[in-house]
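This report concerns only the one structure given below.
The values are calculated or read from the model by the stated rules, or taken from the named source; none is laboratory data. Treat the numbers as computed from the prediction; the structure is a model and nothing was measured. As a convention, Cβ positions derive from the backbone with ideal geometry for all residues, glycine included, and neighbour counts pool all protein chains shown.
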Amino acid sequence: MMIKERMTAHLEGDFVVFLIGMRINNFWKIHKWLPVVAAMGKMLKELYTNPNLGLIHHEGGGLARTLIIVQYWRSMDQLLDYAKNKDSEHLPAWRNFNKRVSESGAVGIWHETYSISPGKYENIYSNMPPFGLGKAGFLQEVRGKRETAIGRLDN
């Protein structure tokens, strides 16, 4: 459902934005990069099945040979706990990547992690369905002090 009005998103309290992705360096080595793609699907399914793990929402997309996923987490502790939990989908996938794929150079992986506090982010959406932080948190119309980026930073 597209929302024509200008909207801004808000999420109560601190949260974490986790960017993760992969770059296919050798398209013909599908047996190397396809398991990496499949592992991310398993992790997302596990995280949505268990909301107590801390994932709030994700968005994903691709640019040529690079796939990017933006994740919103409730806390840094929950993200790090998930990453090192030997019973989660992540740790076996990470070990498998390092054992079978990383040396080949067929696929690259990366991530960036940002801890966000109230008043340290701003956003705007126009002619958009709920998206990104707008799905992780809640949307409100851009009015009054929210008309400007500086006003939206003072949330």
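Per-structure values
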{"read-out": "Positions within the stretch 135-155 being loosely packed, with under 15 Cβ neighbours inside 10 Å and among the small types (Gly, Ala, Ser), in sequence order", "value": "Gly144, Ala149"}
{"read-out": "Output for the stretch 31-71, where each listed residue is surrounded by 13 or more Cβ atoms within 10 Å (Cβ to Cβ) and β-branched (Val, Ile, Thr)", "value": "Val36, Val37, Ile56, Thr66, Ile68, Ile69, Val70"}
{"read-out": "Cβ-Cβ under 7 Å pairs, at least 6 apart or on other chains, the stretch 128-144 side basic (Lys, Arg), far side assigned to a strand (DSSP E or B) and surrounded by fewer than 19 Cβ atoms within 10 Å (Cβ to Cβ)", "value": "Lys135/His57"}
{"read-out": "Tally, over the stretch 62-78, of residues that are closer than 19 Å to Trp110 by Cβ and out of contact with any strand residue (DSSP E or B) (no Cβ under 6 Å at 6 or more places or on another chain)", "value": "3"}
{"read-out": "Qualifying residue in the stretch 23-33 (condition: of a type in the set (Lys, Arg), touching a residue at least 60 places away in the same chain (Cβ under 8 Å) and not in a helix (DSSP H, G or I))", "value": "yes"}
{"read-out": "Residue match in the stretch 114-134 (condition: among the hydroxyl-bearing types (Ser, Thr, Tyr), surrounded by 15 or more Cβ atoms within 10 Å (Cβ to Cβ) and in the same structural domain as Ile20 (by TED's automatic domain parsing))", "value": "no"}
{"read-out": "Positions within the stretch 67-119 being aliphatic (A, V, I, L, M), assigned to a helix (DSSP H, G or I) and in contact (Cβ under 8 Å) with a residue 40 or more places away in the chain, in sequence order", "value": "Met76, Leu79, Ala93, Val101"}
